[in-house]
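Taken together, the values in this text are just the output of simple stated rules run on the coordinates, not laboratory data. Predicted, not measured: the structure shown is a model, and the values here were computed from it. Here the Cβ positions follow ideal geometry from the backbone for every residue, glycine too, while neighbour counts run over all protein chains shown.
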Amino acid sequence: MVETEVSHPKEGQVGIEYKLRKTKGKWMVDDVLLDGVSMATNVRSQVQQVIAKESYQGLVKRMREKLAEES
């Protein structure tokens with residue numbers, strides 16, 4: 001676990017924790033916690049909600065649309 005803190009103009013001090021794991025001799029980021037909230041859990045929950053409301057194909061469609069907006 002690597003802990004850092006950054007200053008945000010609106011939010012003030014924000015704690016960031018990086019959960020690391022060593023794989024094949026290299027350190028990899030496994031999760032990022034912002035003020036104690038897991039980004040991996042958050043994203044997993046959002047994906048599950050979209051699949052439950054729409055379908056897997058609906059999730060893929062949303063992701064493709066989002067990528068197209070970014071390009």
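Brief remarks on what is shown
- Label of the coordinate-derived value, Kirkwood radius over Cα pairs in Å, listed as (i) 14.7; (ii) 12.6; (iii) 12.0: (i)
- Cβ-based exposure ranking for V47, V6, in which fewest neighbours within 10 Å come first: V6, V47
- V47 versus K61: modelled label distance in nm, points set 7 Å from Cα along the beta carbon direction: 2.0 nm
- Taking a straight Cα-Cα cut-off under 23 Å and skipping sequence neighbours fewer than 8 places away in the same chain, the lysines within cross-link reach of K53 are K61, K66.
- The chain, helix-only ellipticity at 222 nm - DSSP H runs n ≥ 4, -39,500 (n - 2.57), divided by all residues, nearest 500: -14000 deg cm²/dmol
- Ordering Y56, H8, L33 by Cα displacement along the dipole of the chain toward the positive end leaves Y56 in first place; charges were set at the Cβ atoms of Lys, Arg (+1) and Asp, Glu (-1).
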